[in-house]
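Shown next, in structure tokens, is the structure this report addresses.
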């Protein structure tokens, strides 16, 4: 059996594990790569997936970093089945359509820019038709019911306790008379979340564990204080007559925030005259899907629903579906709570809300989820004094709150507790979906506590698994991490500066108005370089 890591290798996006068993070729997840420009280029470099040769996908949950390339697979020839739980199916139908709409809009904007330069139009990564095409391939599965998507492969979905309908996968693969048992954690939830059940424990005597490591180097802050911190942020901005901006992922995190505000309202800690705006059309639709699947929620939440209450509603909750309704929030006077996407502040409406509020001392920015490396959210959390939004450096003067208790990922000790329930010395672990520091720390603890072999695979690494034998690995380093030729780039910059000096006399011969215009452009370039240097 061969497995290639097509994403989430030493990073937290693009989850995809391509598996070859005999003549059968299938994948666990198919996530979109998110981060800097070089990482996002991987979304277009999909020849390595060979979509037309994929027999089926096993999807752990609906988040875009685990599913966002499924429409591209359908666009490029995939025609097999996509297995997932019922809530995941319903969420994916709206999330992939939303993602496709974004791809189309970004391609349209880029095409206009290219056209002005006489260049070719830009093709979207995929279209809404592609999203609809892949949605027709979804096949719902139930927790704890083993099925065979192909001969020799048995799959069982278990509750991962991460988001509504999320799962970790148990695979039993028969090959050459041997059975190999694998567990893919997907994104592992933490115990005692607000809305979903605690993660199940694997039932297999596992040979190979593919384990997420998002928080492998730390535990969450005191989870019981999360609502207290939320109330503190609200009280702070309400007292200053300013807004609370909550960047939140449309699925699960937004619903958890709404539920928390519902509880704060019951406790008398949400000002009655402070409106709450849910400013994300996708989150609004996702909330309706949550209401549709109460059986996947935990006991406490189901009891509230059965009593006739709606824990995802508030007396002062308002929806902003249209763009002009969203932009109006930025000229509206007085305190308000604005929940908006994206959760890492790298796209969507929340960037506009940050632009209009992050420089105000009385405002609050409340982070309730993981912030990936290189994202604006991560820079704010890490204490940046300024943040670049829409080509402008804006001061960070608002009060920043980072509430770890809302995280849908297990913290370090919770990951270890989960592994402890089924670890054995013969088991080998592959750490995925995590940054370098988190993985190295967690690897050390896994070896120390459970005496297991731990591997940290690289992007595009391919492994051959044979139980009882050493793992064979192959990786194309040049394709996975192309070398950055710094001396060439610096030489190019120096060459252009030399050209500027050589043309200085011509510039000085121009009339004063033209000189001023050229000067202003050079000042802008210097400012860009200074901003660049401050990030190094």
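The values are calculated or read from the model by the stated rules, or taken from the named source; none is laboratory data. Given the structure is predicted, the values throughout are model-derived calculations rather than measurements. All Cβ positions, even for glycine, are placed from backbone atoms using ideal geometry, and neighbour counts span all protein chains on display.
Please determine whether any residue of the stretch 180-190 is closer than 28 Å to residue 303 by Cβ, out of contact with any strand residue (DSSP E or B) (no Cβ under 8 Å at 6 or more places or on another chain) and in the same structural domain as residue 424 (by TED's automatic domain parsing). Even if it seems obvious, please write down each step before you answer.
Initially, the stretch 180-190 is screened for residues closer than 28 Å to residue 303 by Cβ, giving 186-190.
Adding the requirement that they be out of contact with any strand residue (DSSP E or B) (no Cβ under 8 Å at 6 or more places or on another chain) leaves 190.
Subsequent filtering for residues that are in the same structural domain as residue 424 (by TED's automatic domain parsing) retains 190.
Yes: one or more hits.
At least 2 residues that are under 26 Å from residue 220 (Cα atoms) and free of Cβ contacts under 8 Å to residues at least 60 places away in the same chain in each: list the helices (runs of 4 or more DSSP H) lying fully within the stretch 281-396 that qualify. Even if it seems obvious, please write down each step before you answer.
Details: elements: 281-292, 299-306, 323-328, 350-357, 376-381.
Counting at least 2 such residues, we get 281-292, 299-306, 376-381.
Given the structure, is residue 420 modelled with pLDDT of 95 or more, surrounded by fewer than 17 Cβ atoms within 10 Å (Cβ to Cβ) and either in contact with a strand residue (DSSP E or B) (Cβ under 7 Å, 6 or more places away or on another chain) or not assigned by TED's automatic domain parsing to the domain that holds residue 17 (or both)?
So residue 420 fails the test.
I'd like to check something: does the stretch 109-119 contain any residue that is out of contact with any strand residue (DSSP E or B) (no Cβ under 8 Å at 6 or more places or on another chain), in the same structural domain as residue 78 (by TED's automatic domain parsing), modelled with pLDDT of 95 or more and not in a helix (DSSP H, G or I)?
To start, the set of residues in the stretch 109-119 that are out of contact with any strand residue (DSSP E or B) (no Cβ under 8 Å at 6 or more places or on another chain) comprises 109-119.
Narrowing the set further to residues that are in the same structural domain as residue 78 (by TED's automatic domain parsing) leaves 109-119.
In the following step, the residues that additionally are modelled with pLDDT of 95 or more were identified as none.
No, the stretch 109-119 contains no residue that is out of contact with any strand residue (DSSP E or B) (no Cβ under 8 Å at 6 or more places or on another chain), in the same structural domain as residue 78 (by TED's automatic domain parsing), modelled with pLDDT of 95 or more and not in a helix (DSSP H, G or I).
Is it the case, given these coordinates, that residue 176 is free of Cβ contacts under 8 Å to residues at least 12 places away in the same chain and either more than 28 Å from residue 11 (Cβ to Cβ) or assigned by TED's automatic domain parsing to the domain that holds residue 445 (or both)? Working first, answer last.
Numbers: free of Cβ contacts under 8 Å to residues at least 12 places away in the same chain: yes; either more than 28 Å from residue 11 (Cβ to Cβ) or assigned by TED's automatic domain parsing to the domain that holds residue 445 (or both): yes.
The answer is yes for residue 176.
Does the stretch 243-271 hold any residues that are out of contact with any helix residue (DSSP H, G or I) (no Cβ under 7 Å at 6 or more places or on another chain) and not in a helix (DSSP H, G or I), and which are they?
Those that are out of contact with any helix residue (DSSP H, G or I) (no Cβ under 7 Å at 6 or more places or on another chain) and not in a helix (DSSP H, G or I): 249, 252, 267, 268.
From 164, 125, 171, which residue is within 28 Å of residue 75 (Cβ to Cβ), part of a strand (DSSP E or B) and assigned by TED's automatic domain parsing to the domain that holds residue 210?
171 is the lone residue from the list that is within 28 Å of residue 75 (Cβ to Cβ), part of a strand (DSSP E or B) and assigned by TED's automatic domain parsing to the domain that holds residue 210.
Suppose the filter is under 13 Å from the mean Cα position of the chain (by Cα) and part of a helix (DSSP H, G or I); does residue 40 pass it?
So residue 40 fits the description; yes.
Mind checking whether some residue in the stretch 75-93 is touching a helix residue (DSSP H, G or I) at 6+ places or on another chain (Cβ under 9 Å), part of a loop (DSSP other than H, G, I, E, B) and closer than 30 Å to residue 468 by Cα?
no
In the stretch 473-510, what residues are closer than 30 Å to residue 1 by Cα and at pLDDT below 85? Walk me through how you get there before you give the answer.
Step one: list which residues in the stretch 473-510 are closer than 30 Å to residue 1 by Cα, which gives 473-482.
The answer is 474, 475, 476, 477, 478, 479, 480, 481, 482.
With the condition being under 30 Å from residue 22 (Cα atoms), I'd like the helices (runs of 4 or more DSSP H) fully within the stretch 422-536 carrying at least 3 qualifying residues.
Values: elements: 436-450, 477-480, 486-502, 504-509, 512-534.
Answer list for the stretch 422-536: 477-480.
Is there a residue in the stretch 7-27 that is at pLDDT below 90 and farther than 26 Å from residue 149 by Cα?
Kept after step one, since they are at pLDDT below 90, are these residues of the stretch 7-27: none.
Taking every residue of the stretch 7-27 in turn, none turns out to be at pLDDT below 90 and farther than 26 Å from residue 149 by Cα.
Can residue 264 be described as out of contact with any strand residue (DSSP E or B) (no Cβ under 6 Å at 6 or more places or on another chain) and without any contact (Cβ under 8 Å) to a residue 40 or more places away in the chain?
Details: out of contact with any strand residue (DSSP E or B) (no Cβ under 6 Å at 6 or more places or on another chain): yes; without any contact (Cβ under 8 Å) to a residue 40 or more places away in the chain: yes.
Considered against the rule, which asks whether it is out of contact with any strand residue (DSSP E or B) (no Cβ under 6 Å at 6 or more places or on another chain) and without any contact (Cβ under 8 Å) to a residue 40 or more places away in the chain, residue 264 comes out as yes.
Can residue 194 be described as within 24 Å of residue 69 (Cβ to Cβ), assigned by TED's automatic domain parsing to the domain that holds residue 469 and not in a helix (DSSP H, G or I)?
Numbers: within 24 Å of residue 69 (Cβ to Cβ): no; assigned by TED's automatic domain parsing to the domain that holds residue 469: yes; not in a helix (DSSP H, G or I): yes.
No: the conditions fail for residue 194.
Looking at 382, 393, can you tell me which residue is over 23 Å from the mean Cα position of the chain (by Cα) and surrounded by fewer than 16 Cβ atoms within 10 Å (Cβ to Cβ)? Full working, then the answer.
Details: 382 fails: over 23 Å from the mean Cα position of the chain (by Cα).
Among 382, 393, only 393 is over 23 Å from the mean Cα position of the chain (by Cα) and surrounded by fewer than 16 Cβ atoms within 10 Å (Cβ to Cβ).
Yes or no, residue by residue, for (1) within 28 Å of residue 38 (Cβ to Cβ); (2) in the same structural domain as residue 174 (by TED's automatic domain parsing); (3) out of contact with any strand residue (DSSP E or B) (no Cβ under 6 Å at 6 or more places or on another chain):
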{"site": "433", "(1), (2), (3)": "yes, yes, no"}
{"site": "438", "(1), (2), (3)": "yes, yes, yes"}
{"site": "446", "(1), (2), (3)": "no, yes, no"}
{"site": "451", "(1), (2), (3)": "no, yes, yes"}
{"site": "456", "(1), (2), (3)": "yes, yes, no"}
{"site": "460", "(1), (2), (3)": "yes, yes, yes"}
{"site": "467", "(1), (2), (3)": "no, yes, no"}
{"site": "473", "(1), (2), (3)": "yes, yes, no"}
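Taking the stated definitions as given, is residue 137 surrounded by 18 or more Cβ atoms within 10 Å (Cβ to Cβ) and touching a strand residue (DSSP E or B) at 6+ places or on another chain (Cβ under 8 Å)? Spell out how you get there, then give the answer.
On the way: surrounded by 18 or more Cβ atoms within 10 Å (Cβ to Cβ): no; touching a strand residue (DSSP E or B) at 6+ places or on another chain (Cβ under 8 Å): yes.
Answer is no for this residue.
Being under 17 Å from residue 319 (Cβ atoms), out of contact with any strand residue (DSSP E or B) (no Cβ under 7 Å at 6 or more places or on another chain) and surrounded by fewer than 20 Cβ atoms within 10 Å (Cβ to Cβ), is that true of even one residue in the stretch 243-251?
Checking the stretch 243-251: not a single residue is under 17 Å from residue 319 (Cβ atoms), out of contact with any strand residue (DSSP E or B) (no Cβ under 7 Å at 6 or more places or on another chain) and surrounded by fewer than 20 Cβ atoms within 10 Å (Cβ to Cβ).
Within the bounds of the stretch 321-337, is there any residue that is surrounded by 11 or more Cβ atoms within 10 Å (Cβ to Cβ), under 26 Å from the mean Cα position of the chain (by Cα) and closer than 24 Å to residue 92 by Cβ?
yes
Looking at (1) surrounded by 11 or more Cβ atoms within 10 Å (Cβ to Cβ); (2) within 30 Å of the chain's Cα centre (by Cα), which is the only condition residue 482 fails?
That leaves (1) as the condition not met.
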